Every structure is written in structure tokens, then in C-alpha cells.
Amino acid sequence: MQPTTLRTVQVGRFTLRIRTTPGPVSPGSPRAPYVLVHGLGMTHHYLDRLRAELAADAVVHAVDLPGYGPDPRPRTPLSVEDHAALIVEALGLLGIRSCTLIGHSMGVQFVTEAALQSPTLAERVVLIGPVVDRLRRTVFQQAVSLAHDTLRESPSANLIVGRDYLQTGTRWYLRQVRPMMDYPLERAVERLQCPVLVMRGGRDLVARRRWCEELVARAQDGELVEIPGQPHVVQHSAADRVAAEIVAFSTRGRTTSTTFLPEASEETSGKLEHHSA
């Protein structure tokens, strides 16, 4: 794998860090890049294995959003829509006009909303371990599921998650919980114009199978992939299998979902700085 480049993108008063890993040198037309977006409290670290696997197919960009990682926390909470707008703007500053957006957990909400805000940007969308289940939309239910899931994660996954949580800090973490709980992912997925791949680990207690099946049914062009025996942070514990499914998804044609749907619940400037990763 070629060296990864770290770029700091300033969008208004917000700072995003984007790590770019080049894809393979190909004589043909280059594939659209993959863009990885982390979830609540996290950074790029738990996406690194997936980034390395996907770089064998195309260029990969891993985004660290404002407030996550070493940068100062924004003074005010950011909504899902705010985060999505920052992603779209930052990718535009990098010259990315079309890509496959890949989010994990709350990152699913960010990439879904980014695809809605900029349909021409999102060639395809991958939703790994999507939250929040509309029938389990309480902080208590989500906290219990996440706690139980940690017992199923590998030591390396728990180490990365714990380290990132500490770096993000309790205050910023808690300020982002309410936007996550309030975002109606099921309604947003219905409006996506691009193909949607929903992925989950077979032992994921956060993104349960019924919920993932519902999201696929709601999508205009949806597909579900389950990685047997894996927990919520499946892109770390089974990065090779997750990457293989994403690459296969990125090459297939479009389909149309006609499944019955259940009733659901209710301009900036910027600059770039280059660093070594």
C-alpha cells in the first residue's frame, strides 16, 4: 500500500482532517474513490484496516470530522445536516466530484445526508451498522446494546474505541447524542437516488437484522449484506470481507426495491493544508 497523505481542510471555522491512500496504478479509467466516515466519538483509526483493503481497488479518503480527534471542539453542537454539509464542502475542496460514501454507525447518518444534499457526489452509499433503529430510539436502549456489543468485540477493537472516546471527550460525545437520536434515517434512505448497500455483522446488537432489512426495503435500490459471526465494528474485525462486498457492490448494476414499507416515526469558504500522515 502506498503512503497515506494527511490533509487539513478548513471549512469556515471548522477543521476536518482527511487521510488519503492512493489506489492501484491502472492503465484504464480510474475508479471513483471511496470516502470513509466514522461514527459517534470515533476517528479514522477503527477504519484503517478497511481503508488499507479498499486501497487495493481505488483511492480511499478517511474523514475526521470537527471535534473528533486532536482538533478543538466546536463551540456549538452540530446537527447531522451540518456534518453532512461540511463533508460535501471538504470533498469539493479536494476536487472530488463523485465517490462511494461509506459510513459506520452514526457515520451512516452523515453519509446519507451528504448524499441527499449533493446527489451528484454520491455514486453509491454504503451503510455499515446503521443507527438509530426507529423502534429502539431511546438513549437507554442504545447504551445497553452498545455495552453488550463491547463483550463481542475483539480486544483491538475495544482498545481503539476506548482510546478515541477518551480523546473525543465526554462533553462533545454527549452533545452529539441527541442529533443522532433525532435523525430519521429510515425517511432519509427513502429519498436516496443512488444504490444503497446496508451491511451488518451477524452478531451486531446495535444494528439488528430487522432494522437493516427495513432500510433496504425503504431504499429505491437497496441490498443487504451480513457478515456472519461479527459484531458492530465489523469493518475492523472482518475488514477483508467487508471490503470485498463493497468492491463487488461498486461494480454491479442498479436494481429497484418494491418491498412494502412499514410506517415510520416522525455557502462556505475553505482552504487545504498538507501534512504527512
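The values are calculated or read from the model by the stated rules, or taken from the named source; none is laboratory data. These figures come from a predicted structure and were not determined experimentally. A quick note on method: Cβ atoms are made from the backbone with ideal geometry, for glycine too, and the neighbour counts reach across all protein chains shown. Note: areas computed on protein heavy atoms with side chains; ligands, DNA, RNA excluded. Shrake-Rupley method; radii C 1.70, N 1.55, O 1.52, S 1.80 Å.
Enumerate the pairs (first residue in the stretch 125-154 and of a type in the set (Asp, Glu); second residue anywhere and open to solvent by less than 50 Å² (accessible area, probe 1.4 Å)) with beta-carbon separation below 6 Å, excluding pairs fewer than 6 apart on the same chain, so at least 6 apart or on different chains.
Asp133/Trp211; Asp149/Leu205; Asp149/Val206; Asp149/Pro231; Asp149/His232; Glu153/Pro231; Glu153/Val233
What pairs come out if I take residues in the stretch 8-26 that are among the aromatic types (Phe, Trp, Tyr) and pair them with residues that are open to solvent by 10 Å² or more (accessible area, probe 1.4 Å) and not in a loop (DSSP other than H, G, I, E, B) whose C-beta lies under 8 Å away, six or more apart or interchain?
These pairs meet every condition: Phe14/Leu86.
If I go through the stretch 151-170 residue by residue, how many of them are under 26 Å from Thr112 (Cβ atoms) and either part of a helix (DSSP H, G or I) or at pLDDT 95 or above (or both)?
Within the stretch 151-170, residues that are under 26 Å from Thr112 (Cβ atoms) and either part of a helix (DSSP H, G or I) or at pLDDT 95 or above (or both) number 7.
Go through the stretch 5-53 and report how many residues are in contact with an Asp or Glu (Cβ under 9 Å, 6 or more places away or on another chain), of a type in the set (Gly, Ala, Ser) and closer than 28 Å to Leu146 by Cα.
Looking only at that region, the number is 1.
For Val126, only one of the following conditions fails: (1) in a loop (DSSP other than H, G, I, E, B); (2) within 11 Å of the chain's Cα centre (by Cα); (3) modelled with pLDDT of 95 or more. What is its number?
That leaves (1) as the condition not met.
Scan the stretch 206-220 and report the pairs whose first residue is open to solvent by less than 20 Å² (accessible area, probe 1.4 Å) and whose second residue is polar (S, T, N, Q) and at pLDDT 95 or above, with Cβ atoms within less than 9 Å and a gap of 6+ or a chain change.
Sorted first by the residue in the stretch 206-220, then by its partner, the pairs are Val206/Ser105; Ala207/Ser105.
Taking the stretch 113-123 as the search range and keeping residues that are of a type outside the set (A, V, I, L, M, F, W, C) and over 14 Å from Ile96 (Cβ atoms), which one is surrounded by the fewest Cβ atoms within 10 Å (Cβ to Cβ)?
This residue is Pro119.
Could you say whether any residue in the stretch 33-47 is open to solvent by 10 Å² or more (accessible area, probe 1.4 Å), within 21 Å of Glu123 (Cα to Cα) and either in a loop (DSSP other than H, G, I, E, B) or of a type in the set (S, T, N, Q) (or both)?
yes
Would you please name the residue that is farthest from Arg19 (Cα to Cα), looking only at residues in the stretch 48-78 that are open to solvent by 70 Å² or more (accessible area, probe 1.4 Å) and among the basic types (Lys, Arg)?
That would be Arg75.
Does Arg136 satisfy the condition of being over 17 Å from Val206 (Cα atoms) and basic (Lys, Arg)?
no
Go over the candidates Glu89, Glu81 one by one and state the one that is buried (at least 19 other Cβ atoms within 10 Å of the Cβ) and among the acidic types (Asp, Glu).
Selected residue: Glu89, the only one of Glu89, Glu81 that is buried (at least 19 other Cβ atoms within 10 Å of the Cβ) and among the acidic types (Asp, Glu).
Cβ contacts < 6 Å: first residue closer than 26 Å to Leu205 by Cα, restricted to the stretch 96-109; second residue part of a loop (DSSP other than H, G, I, E, B) and of a type in the set (Phe, Trp, Tyr), any location; separation 6+ or different chain. Result?
Going by the 6 Å Cβ cut-off, the qualifying pairs are Gln109/Tyr183.
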